[in-house]
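Have a look at the structure below, then the notes.
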Amino acid sequence: MRLVLALGGAWLAPSLLAAVGAGAALRFARRPRALGAGALALVAHGALVESLAAVRGARWHNYYTVAAALSGWLAVLAFHRLGEGRECEGAVERLAEHGAAAGLAATYVGAFASKLLASGASWLSPAELRALLIGQTGLVGDGPGAAVARAIVSSTALATALLAFVAAAQLSALAYPFTARARAAVGTALLAFHLGTLALTPVFYSEATALLLAFSYPWPTLLARAPKRRARA
Amino acid sequence: MSPPEATRLRGKVAAASRGRGGRPPGARRPGRLSDHGPSVWSVRHCGIRTSLRGARASATLDVMAPQRTETAERARDALTHWIRVRVVAGVLLTYLTVSFAIGDAYPFSTFAMYAESPREPWASHVLALDERGAAHEVADFVGYRCDRAPDLDRPFCGAGRDRRVGYIDAEAARALATRDHAAAHPRHLRVVRRGWNLSSPDLTLDCPIATCEASAR
């Protein structure tokens, strides 16, 4: 994929790719069973992400959560197409949604497994979080976020507790796609992890946060209840 | 169950599979059922085939009921849930297996950033210290004019190596390169790489990089 480095040097190719990707994504948003449109959006997104990585010399993993969720959705659609049946089309969308949630969950389980393989239990040592906060922020600033960051760097117990929370939240993502309750509970923990990271550092996984918000809560049920509440009031 | 009754039930199964007859108005179309042996039912749901051992009794209830009974609904929900579990587990395990097999290749990734515990005894960040010694981000100032070209790649000045964040250093280098900016009310700054000892973070060490003048952004 390093060949797409050439894309970074000119405006035309990335602009065309972005237009094609946005068009395909819009079509997929309107017709979530459109496997071709979803696949085209994934390919265009991948080409842009890889060219960005080639230009910057580093991968931005934020974009990979979207790719994982979309891949999970498309995998279920493709599996369904390979099967001979076309019945219960609505149910396929529900299955595909579960596939997307599984793809999203896999990113967190993968992050946990990487830590386990690379560092084992020593990842829970406060040095990891200290190095992260120092490297990202330099502990400068007068706001509450900077004050909390300084407190975490100073306190071994606080740093270890936060790392344990992160590890537990990422491991619990194994349960995320299986039940609605697990989605809400694990999703809330992972959202707390992302928002906590944003409060302490400039690192924000906006795409992952948006996906967690979308997939973790029963929005149709919640939105259906909202007008009733308003009517009662 | 007598043979004529079994034949009648098989007919109902076939009719249900075809989606006509035997269903009350508004009832959902059932999944297709076919007998694969003494206690295994094969179910095709949304084009995905699966089998469930021991579901025969529930499935029989589902077929026999002229109306959808609660038990039959539960049986079908259980079958659907089982298919969903298999699909979800399949996607999750496939993504993880491929990611760890091939590494970071779109759309797969192991998300291994920050996975390794730091082996370096220090962690560092490039800072701009003002006249009072207060620390600021280098990017809080523009129009740097320095006594020498700031070299952020120099090794750490303390004992042992330091952990740095490459793209944060690159951002600092870009900010230091904004020399052509018209500097209004320049302030005297010392640009340093400040290291914190990771075992004892109260212990810090400043490695001088350059002495500069720059304006607050």
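Some observations on this one:
- The shape of the stretch A:166-233 comes out oblate: with a ≥ b ≥ c from the C-alpha gyration tensor, a/c is at least 1.5 while a/b does not beat b/c.
- For the segment B:93-104, counting C-beta atoms of other chains within 10 Å of every residue's C-beta and taking the mean gives 4.
- Backbone amide hydrogens, once placed in the peptide plane, bring B:ASP162 within less than 5 Å of B:PHE156, excluding anything fewer than 5 places away on its chain.
- Shape class for the stretch B:106-217: oblate, because the ratio a/c of the largest to smallest gyration tensor axis (alpha-carbon atoms, square roots of eigenvalues) is 1.5 or more and b/c is at least a/b.
- Scaling against 2.2 N^0.38 Å puts the C-alpha radius of gyration of chain A at 1.17.
- Unit charges on C-beta of K, R, D, E only; dipole of the stretch B:81-217, Debye: 300
- Multiplying the residue separation of A:ALA29 and A:VAL148 by 0.36 nm and subtracting their alpha-carbon distance yields 38.8 nm.
- Relative to the dominant Cα principal axis of chain A, helix A:126-137 is inclined by about 80°.
- Peptide B:150-159, shielding by other chains (average Cβ, 10 Å cutoff): 0
- Hypothetical label at A:VAL20: residues of the stretch B:92-125 whose amide nitrogen lies under 19 Å (7 Å Cα-Cβ projection): B:106-107
- Across A:TRP11, A:TRP73, the residue with the most accessible area heads the list, and the full order at a 1.4 Å probe is A:TRP11, A:TRP73.
- For the stretch B:91-107, 3J(HN,Hα) computed residue by residue from phi via the Karplus equation (6.51, -1.76, 1.60; θ = phi - 60°) reads 5, 4, 5, 5, 4, 5, 4, 5, 4, 6, 7, 10, x, 7, 9, 3, x Hz, glycine and proline entered as x.
- Working note: Karplus 6.51/-1.76/1.60 with θ = phi - 60° gives the stretch A:62-72 the couplings 3, 6, 6, 5, 4, 4, 5, 5, 5, 4, x Hz, where Gly and Pro are set to x.
- Positive dipole terminus of chain A, leading residue within A:HIS45, A:VAL153, A:SER216 (C-beta point charges): A:SER216
- Remark: mean inter-chain Cβ contacts per residue of A:157-163 equal 0, using a 10 Å Cβ-Cβ cutoff to other protein chain atoms.
The values are calculated or read from the model by the stated rules, or taken from the named source; none is laboratory data. The structure displayed is predicted, hence computed values, not measured ones. Note that each Cβ is placed from the backbone with ideal geometry, even for glycine, and that neighbours are counted across all protein chains shown. With ligands, DNA and RNA removed, areas are computed over all heavy atoms of the protein, side chains included. Shrake-Rupley method; radii C 1.70, N 1.55, O 1.52, S 1.80 Å.
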